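Visitor: Here it is, the structure, as structure tokens.
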Amino acid sequence: MSPIPDIAPPLLSWYQQSARSLPWRDHPDPYAVWVSEIMLQQTRVEAVKSYFERFLQQLPTITHLANVDEQTLLKLWEGLGYYSRARNLQKTAQTVVQEYSGQLPASFEALKTLPGIGDYTAGAIASIAFQLPVPAVDGNVLRVMTRLTADPRDISKSAVKKDYFEQIQAILQPLPRSGDFNQALMDLGATICLPNGLPKCEECPVASLCQAFAQDRMLDFPVKPDKKARKIEMHTVFLLRNHDRVALRKRADSGLLAGLWEFPHVEGQLSRKKVEEQLQLWGIRASQIEKSVSHHHIFSHIEWRMNSFLVTCEEIVSSLPLVWVSQKELLQTYPLPAAFQPFVSDTLWQEKPV
Ligand code: SF4
């Protein structure tokens, strides 16, 4: 017998006592719920809080989001990663302004037709902002569900997700607090039924119903397919500076980190001699070349291992399409992905204009 039909009462009373205090929960209007859910995809709650508040301050309505210029939007998103989320937010905002008079539709089906809004996000908005009886099933919820039921099925299969969607929907149909129920499951997955390491079963409100706990097999679930190994790429980063400016290059409009700014770099870990040759190829005259910091950055499917060279340039001439920016401009205007942030330090700008 599945324990799922019985989880609502203990879960909701636990939520009443223990709900996390989160900025978007103070004003659960559809726009705030939507922005927070998109930010929370792939990003930790603690990291999202300050981004969320700044975003809503600068873009308080869907119309503001629809009209903001892309560079300002990406700058607001700088450091959150997965920048296509920001672009999809804006695309959706423009659709909502054109087709729904600037208000997100109060319908699970209509929400799902909007760019970047899948079943989970549509379920979260529909239930939290509109109190519609719709589940919001993501990886956290699947972890809780498969542990509750000691389910040996592979959670990457869409049939498994669909099954839990239907089981939760059956609970929500007669329940007046669907938003609270979904948020309680989210909180349980984030704070008690943890993804890494042992879950805190002794604090869990549904422990008496949990089959994995009864069998002491909590870490056997969820069952996932084997992960592919990440591809490793070596890069050499050029920190080109000329007095109070450093050089940035715009990335291509598609692919990884599309449309963002970066320090110029090439594949491979170049020796100092090769660095000199590369600079010559770019038509850059250097008065000084120093080896600088190394850093690695992990994307979902790829890892960059980066060495860098600090190059003092005699002039700002090169065959590369570069912009030369001041410290203030880099801070305020140019969105620089997290992969390149560790190369930013005051010493980049230590030379003053002559
Ligand atoms: Fe997760 Fe443990 Fe609660 Fe089961 S008892 S749902 S494994 S925290």
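Visitor: Rank-order 177-184, 218-225 by packing density, defined as the average count of other C-beta atoms within 10 Å over each peptide's residues, highest first.
Guide: 177-184, 218-225
Visitor: Which one, 102, 189, 283, has the greatest fluctuation when you compute a Gaussian network model over the chain with C-alpha springs under 10 angstrom?
Guide: 283
Visitor: Pairs of Cα atoms under 8 Å, at least six residues apart: use those to get the relative contact order of segment 170-233, whole percent.
Guide: Rounded, it is 16 percent for segment 170-233.
Visitor: Long-range amide H contacts for residue 259: which residues qualify at under 5 Å (H placed 1.01 Å from N, peptide plane, sequence gap of 5 or more or a different chain)?
Guide: 251, 252, 253, 254
Visitor: Working out 0.36 nm times the residue gap between residue 67 and residue 98, then minus their Cα-Cα distance, what length gain in nm do you get to one decimal?
Guide: Using 0.36 nm per residue and subtracting the Cα-Cα distance, I get 10.0 nm.
Visitor: Could you pull out every one of the aspartates and glutamates with an alpha carbon less than 20 Å from that of residue 161, ignoring same-chain neighbours closer than 8 positions?
Guide: 6, 37, 109, 119, 138, 151, 187, 220, 226
Visitor: Going by how many other Cβ atoms sit within 10 Å of their own, how do 154, 138 line up, fewest first?
Guide: 154, 138
Visitor: If the reach is capped at under 19 angstrom between alpha carbons, list the aspartates and glutamates near residue 228, excluding any in the same chain fewer than eight residues apart.
Guide: Residue 228 reaches 154, 303.
Visitor: Can you work out the Karplus-derived ³J(HN,Hα) for every residue in segment 332-337? Use 6.51 cos²θ - 1.76 cosθ + 1.60 with θ = phi - 60°, whole Hz, and x for glycine or proline.
Guide: Working through the residues one at a time gives 9, 10, 9, x, 10, x Hz.
Visitor: Enumerate the amide H contacts of residue 234 below 5 Å, restricted to partners 5 or more residues apart or on another chain; note that Pro and chain-start residues carry no placed amide H.
Guide: Long-range HN contacts for residue 234: 268, 305.
Visitor: Expressed as a rounded percentage, what relative contact order does the chain have, with Cα pairs under 8 Å and six or more residues apart?
Guide: Once divided by the residue count of the chain, the mean separation gives 17 percent.
Visitor: Okay, next question. Enumerate the amide H contacts of residue 265 below 5 Å, restricted to partners 5 or more residues apart or on another chain; note that Pro and chain-start residues carry no placed amide H.
Guide: The answer is 238.
Visitor: What share of all Cα pairs of the chain, in percent, falls into each consecutive 10 Å distance bin?
Guide: 5, 21, 25, 21, 16, 9, 3, 0
Visitor: Of the peptides 95-101, 140-146, how do they stack up when ordered by the mean number of other Cβ atoms within 10 Å, highest first?
Guide: Going by the mean number of other Cβ atoms within 10 Å, highest first, we get 140-146, 95-101.
Visitor: If Lys and Arg each add +1 and Asp and Glu each add -1, what is the summed charge of the other residues whose beta carbon sits under 12 Å from the beta carbon of residue 123?
Guide: -2
Visitor: Residue by residue through segment 116-133, which ³J(HN,Hα) values in whole Hz follow from phi under the Karplus form 6.51 cos²θ - 1.76 cosθ + 1.60 (θ = phi - 60°), with glycine and proline marked x?
Guide: So the Karplus estimates, Gly and Pro as x, are x, 10, x, 4, 5, 5, 4, x, 5, 5, 4, 7, 6, 8, 10, 6, 7, x Hz.
Visitor: Evaluate the relative contact order of segment 1-148 (contact order divided by residue number), counting alpha-carbon pairs under 8 angstrom at least 6 apart; express in whole percent.
Guide: 22
Visitor: So which of 200/224; 75/250; 231/328; 157/200 end up more than 24 Å apart by C-alpha?
Guide: Exceeds cut-off: 231/328; 157/200.
Visitor: Please identify, among 291, 227, 162, the residue showing maximal mean-square fluctuation in a Gaussian network model of the chain using a 10 angstrom Cα cutoff.
Guide: Most flexible of the set in this elastic network: 227.
Visitor: Once the other residues with Cβ under 12 Å from the Cβ of residue 284 are scored (Lys, Arg +1; Asp, Glu -1), what is the net sum?
Guide: -2
Visitor: Could I ask something else about it? Cα to Cα, under 17 Å, and not fewer than 8 places away if on the same chain: which lysines meet these conditions relative to residue 291?
Guide: 273, 274
Quick note: the coordinates plus some simple rules give every number you see, no bench work behind them. Computed from a predicted model, the values in this text were never measured in an experiment. Neighbour counts run over all protein chains shown; Cβ positions are idealised from the backbone, glycine included.
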